[in-house]
Amino acid sequence: MQCPHCGFEIGDVDEIFGAQDVRLKCLTDAAGVLKRKERVAARKMLGEFQRKFPQLFCAVYFGTFKELPSLRQFGFWLLNRGAFEDVEVSRPNEAGVLLSVDVSGKSAGITFGYALQPFLDDEGTFKALSAAHPFFLQGQWLRATGIVVGRISRSLASQARRAKRVPEAFESVPQPAGEGADKILERIRANHRSSQSRSQV
Amino acid sequence: MRRIAAWGAILALTVQTGPGEDLPPLPVWSPSDFEKVEKGEIIPGHDFFGIFGTNSGGKPPDLLEEKLPEPLPGESESVEFSTEISRAHLILYFKGIPTDVDGEPVHLIDPQDLLAQQEFRDRQSFLKYHAGESNIDLFVYLFDARQELPEDITIESVYRDLYSQRGPVAVVFYYLGMPERAQLVLSGAIRAVASEDEQSRALRASVQEAFEKSDPAYQLDNFLVELSIRLYWIEREMAGLHQPKAADGTAGAVAKTNVKGGDKTWGLVQAAAMWIGILLGAGGICWLVHYLVARRLRYVFPEVETGPLLGAPHAAGVGAVVSFSSAQIPPSQQRDQVPDYLQRM
């Protein structure tokens, strides 16, 4: 399935990171930046997130990537291919929030499942990352994680309350019946090709 | 005569001899005197200690040759003082609170003149001083050691009749020479602050202090000083912990207390501490309630109808990325706004 705008598909990142599912836990410290106590505290924090939001889960990945083309691509791939062992099956990956941190590349990103698409946006997630920016700079990973998770939790709690009151505000206009994603994609591509040919003329 | 001269020489030497001086040789018995000493004709020291003459056989003379006069009939029986207080004195004791020429109340009531005038003035002066320094006036009724009051007159009834409208007072019945019989009653306002135990402790300590002296007047001195100290501490409790208030119906209203500067500060500190404690307690309770509520809170998202997201199983949303490579540049300028995957690899 390709993006109608750019033609991106999961296969592109599978070529980089692998097409097999990856088994991991909610807290993965592949970079080894957390101390034992910090890992315990981080797990407790993520557990609290799950307790607060019975449908969602939050995962944190600390890694060191030598030549990572894009942290967004990695987050996208991990949330699609990751099999989180310590997450109940009732919480699918589409309801997950992933904080991925490239310790050597000094960048952090948030990726969230499409079930959260109505409730989270880039602006909200960037604010959460910005709040933790000083601690990322100082290498206080646990504290930075705490701030990101706290901000995301507050934002989600607020959206959950609002969604309960006015669920219509979060509903997007449904596509015409019978028109599937493939058809939409074909239509967009066709338009795209026709505009190109027009410009060449 | 020679013996006197010899003893005189010894005495003179004892007095005049100083350190470093050469001592003259000691006197020696002449052979004739020594012989008399051995025979017992001369007794050494007889001239100095000769009140028991050798002729009397060494027995002390009968110095009290005059015999004591014969006791008069009836005098040999022991004198028993009356334990009753005369009616005239009772009236003087309890007709009201006596005042002096200036109209000031007399704090030491002694119509029987059990104390000498100077003793009375000293103790009265002390009680007056105490009244000036303390808010609790101290009134002391003096009785003789074994005197008994009529049954209808008790310290409580005296307090009720004479002092209940007066404010914080301490009334004492003191039996001169028998401090252990002393009785103490405090006004209602004081009783509200000082427990029964504390009151009895104060009285016991005062009695114990009185027993430090043997003279009855000095015993009274010690008793009053100790009681005054104890009343001072009770007064501090009154001023610091509670504002004076009517403790019971019989005690009546209590005169307002002029709390001194130090006590006011202490009171303010205590009030501030109390309010801080209350605020902290309330804050703690609020926090606990919030914590418990927050722990129970669950956020469940309702089902909302959204359009298809290209049929992707997961992770349709792609969130933000921030770089933290530079501490000089704000996060907003380190935001990679263009998704990288738009640039095809």
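Extending 7 Å from Cα along the Cβ direction at residue B:33 and again at residue B:276 yields two label points whose distance is 9.4 nm.
Excluding ligands, DNA and RNA and using a 1.4 Å probe, chains A and B jointly bury around 5000 Å² of accessible surface, summed across both partners. Taking every residue in A:125-134 and counting other chain Cβ atoms within 10 Å of its Cβ, the average works out to 5.
Computed over the alpha-carbon atoms, segment B:87-241 gives an Rg to Rh ratio of 0.93, Rh here being the Kirkwood radius from the mean inverse distance. For residue A:83 and residue B:286, the FRET efficiency from 1/(1 + (r/R0)^6), where r spans their Cβ atoms and R0 equals 51 Å, is about 0.75. For segment A:1-111, the relative contact order is 31 percent, taking Cα pairs closer than 8 Å that sit 6 or more residues apart in sequence and dividing their mean separation by the residue count.
Averaging over all projection directions, the Cα-based convex hull of segment A:5-129 occupies 8.2 nm² in the image plane.
Distance between the pseudo-spin-label points of residue B:305 and residue B:160 (7 Å out from Cα toward the beta carbon): 8.9 nm. Relative to the current alpha-carbon distance between residue B:146 and residue B:43, full extension at 0.36 nm per residue lengthens the span by 31.1 nm. Inter-chain Cβ neighbour count for B:323-333, averaged per residue, equals 5 (cutoff 10 Å, partner chain atoms only). With a simple spin-label model that places each label point 7 Å from the Cα along the Cα-to-Cβ direction, the separation between residue B:296 and residue A:44 comes to 2.3 nm. Once the chain from residue A:55 to residue A:169 is taken as fully extended at 0.36 nm per residue, the excess over their C-alpha distance is 39.0 nm. Legend: calculated FRET efficiency, residue A:9 to residue B:333, from the Cβ-Cβ distance at R0 = 30 Å, rounded to 0.05, equals 0.45. With the highest mean first, a sort of the peptides A:101-113, B:280-292, B:170-182 on other beta-carbon atoms found within 10 angstrom per residue produces A:101-113, B:170-182, B:280-292.
Computed over protein heavy atoms with a 1.4 Å probe, the carbon and sulfur contribution to the accessible area of segment A:1-99 reaches 49%. For the pair segment B:89-157 and segment A:87-144, the centres of their Cα atoms are 88 angstrom apart.
Semi-axes of the equivalent ellipsoid for segment B:145-194, computed as √(5λ) from the eigenvalues of its C-alpha gyration tensor and ordered from largest down, come to 22, 13, 8 Å. With one equal scatterer per alpha carbon and no solvent term, the Debye-computed log10 I(q)/I(0) for segment B:103-194 at 0.22 1/Å reads -1.24.
Residues in segment B:105-114 carry Karplus couplings, in order, of x, 8, 8, 10, 9, 9, x, 8, 6, 6 Hz; the curve used is 6.51 cos²θ - 1.76 cosθ + 1.60 with θ = phi - 60°, and Gly or Pro positions show x. With 23 Å as the limit on Cα-Cα distance, the pairs of A:25/A:127; A:106/A:127; A:66/A:106 that go past it are A:25/A:127. Taking amide H as placed 1.01 Å from N in the peptide plane, the amide H of residue B:144 sits under 5 Å from that of B:176, each at least 5 places away or on another chain. The phi torsions of segment A:131-142, fed into the Karplus equation with coefficients 6.51, -1.76 and 1.60 and a -60° offset, translate into couplings of 4, 8, 3, x, 7, 5, 4, 7, x, 8, 5, 5 Hz, rounded to whole numbers, with Gly and Pro shown as x.
The values are calculated or read from the model by the stated rules, or taken from the named source; none is laboratory data. Please read these numbers as outputs of a predicted model, since none were measured by experiment. No Cβ is skipped: glycine too gets one built from the backbone with ideal geometry, and neighbour counts run over all protein chains shown. SASA here: full protein model, heavy atoms, side chains in, ligands and nucleic acids out. Shrake-Rupley method; radii C 1.70, N 1.55, O 1.52, S 1.80 Å.
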